[in-house]
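*Asks:* Structure below; questions to follow.
The values are calculated or read from the model by the stated rules, or taken from the named source; none is laboratory data. Note that the structure is predicted; figures quoted are calculated from it, not measured. Cβ sites come from the backbone with ideal geometry, for glycine too, and all protein chains shown count toward neighbours. In case anyone asks, the SASA skips ligands and DNA or RNA and just uses the protein heavy atoms, side chains included. Shrake-Rupley method; radii C 1.70, N 1.55, O 1.52, S 1.80 Å.
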Amino acid sequence: MAVPTAERIGALRERMSGPVVAPGDQEYDEIRKVHNGLVDKYPSLIARCTNTADVVAAVKLGREAGLEISVRGGGHNVAGKAVTDGGLMIDLSLMKAVGIMQGTGGSPVGHVEWTNVRAEGGVTWGELNDVTHADGLATPGGVVSTTGIAGLTLGGGFGWIQGKYGMAVDNLVEAKMVLASGEIVVAREASEPDLFWAIRGGGGNFGVATSFEYRAYPLTTVLGGIVAHPLESAVDLMRLYREVTASASDDMTVFFGIVHAPDGSGTKLSALVVCHVGDEDDAAREVKPIKEFGPPIMDAIERIPYPVQNTLLDAGYPRGALNYWKSGFFSELSDEVAEKMAAALERAPHPLCGMAIEQFHGKVTRVPVTATAFPHREPGFNLILTGVWEDHAQTEECIAWTRETFESLRPHMSDRVYVNYLDKDDGTRVTSAYGPNYDRLVEVKRRYDPDNVFRLNANIVP
């Protein structure tokens with residue numbers, strides 16, 4: 001691995017308006033950390049960018065010095081791809097601007113009003129939601145508020161309201177990109193259409209996205225929250241889950257969880273998490289079977305602000321905790337799946353370990369497979385299996401639990417996987433993440449990053 005010379009570090013500091021941090025600097029150890037405490041890497045240089053020009057300077061320096069380049073937006077990626085060991089980390093976490101944009105545009109039926117939100121690459125979903133909510137708006141993306149918008153969007157962008165409005169990639173209007181050459185381009189349908197297609201699901205393979213513009217929709221509150229039952233109810237609750245989701249409108253999204261109680265008691269639960277964006281009468285009617293099942297240990301389903309919905313799972317993913325995940329799409333959702341999940345939780349080595357099933361339906365499934373690089377458009381269910389713990393002494397045990405649980409559930413799964421949930425040892429599953437769009441992604445990669453400068457990601461080798 002190349003090491004930047006003092007002369008090059010000095011030159012970068014002169015070119016950048018943001019700080020450049022090196023080993024030995026007071027803030028280095030804190031800044032190099034990402035959300036997953038299991039990731040312990042040491043960049044030789046951290047460029048803390050405050051604008052797109054800073055990113056250009058950092059990319060050029062990295063190439064001149066022969067440094068491996070990583071890019072951090074929110075730093076939430078479980079595989080730790082946001083930080084390089086010995087290279088240059090381009091850190092966008094200081095780029096926090098969010099703004100609402102409004103206007104009118106032509107359409108087949110005349111002029112229509114539109115409202116979009118533009119946000120820089122260091123913004124988290126919680127920060128974006130706070131700004132849009134103040135104007136009575138929301139844009140789809142994220143189920144944990146501390147997740148960065150950049151990584152989530154580039155990989156696809158699951159969210160609570162995707163049944164009604166689609167995923168983040170389905171609502172992306174444009175993105176400002178710094179390419180491997182240092183060139184700045186704006187990727188949208190009307191300009192750089194191949195790049196625009198690729199960044200909607202192809203991850204960080206094609207450049208550094210310094211800002212995003214999304215469609216926004218009128219939405220202030222939802223009928224949402226968690227209803228929890230004893231773990232022994234898992235099979236019956238799974239049956240209810242299948243029934244409810246089979247007839248669910250686009251307005252309602254429901255997750256199924258096998259988790260520990262968030263109060264630290266270690267109580268093991270089966271649970272449903274609900275988000276309904278429809279009017280109060282429709283929401284109450286559609287959620288009624290869920291509220292009548294039981295009796296529950298806890299029923300916290302109520303009308304809440306949309307930004308609150310996006311924080312309901314935050315406690316399960318504390319910053320600095322150690323994480324190892326597995327994921328895959330179910331081909332069936334049987335009683336046996338619930339039995340295996342419940343049995344696995346009984347053996348879980350830490351109360352932060354758990355698993356959730358994400359409902360995949362509605363508008364997101366009506367987008368053609370090749371319309372964006374994100375290929376998973378079939379109705380169904382996605383498993384996220386999260387080994388989460390706090391003591392390094394438990395690392396081997398918790399990783400083994402996650403792997404064993406995943407292998408027990410694998411017979412019930414297809415070979416598809418969501419790119420944003422790939423862990424560091426999932427490299428052989430990259431083509432499954434991109435599916436039938438992989439070959440076209442290779443072509444776009446060859447055009448925009450033929451030297452594979454941006455390779456710390458679910459890499460598409462040019």
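*Asks:* Does at least one position in region 193-215 carry a residue that is of a type outside the set (Ser, Thr, Tyr), closer than 13 Å to residue 140 by Cα and more than 16 Å from the chain's Cα centre (by Cα)?
*Replies:* Within region 193-215 (the criterion being of a type outside the set (Ser, Thr, Tyr), closer than 13 Å to residue 140 by Cα and more than 16 Å from the chain's Cα centre (by Cα)), the answer is yes, since at least one residue qualifies.
*Asks:* What do you reckon, is residue 324 open to solvent by less than 10 Å² (accessible area, probe 1.4 Å), farther than 30 Å from residue 220 by Cα and not β-branched (Val, Ile, Thr)?
*Replies:* yes
*Asks:* For region 264-289, which residues satisfy the criterion of being surrounded by 20 or more Cβ atoms within 10 Å (Cβ to Cβ) and either assigned to a loop (DSSP other than H, G, I, E, B) or under 27 Å from the mean Cα position of the chain (by Cα) (or both)?
*Replies:* Of everything in region 264-289, those that are surrounded by 20 or more Cβ atoms within 10 Å (Cβ to Cβ) and either assigned to a loop (DSSP other than H, G, I, E, B) or under 27 Å from the mean Cα position of the chain (by Cα) (or both) turn out to be 269, 270, 271, 272, 273, 274, 275, 276, 277, 283, 287.
*Asks:* Can you tell me which residue in region 301-312 is farthest from residue 252 (Cα to Cα), limited to those that are open to solvent by less than 40 Å² (accessible area, probe 1.4 Å) and out of contact with any helix residue (DSSP H, G or I) (no Cβ under 8 Å at 6 or more places or on another chain)?
*Replies:* Top of the filtered list is 304.
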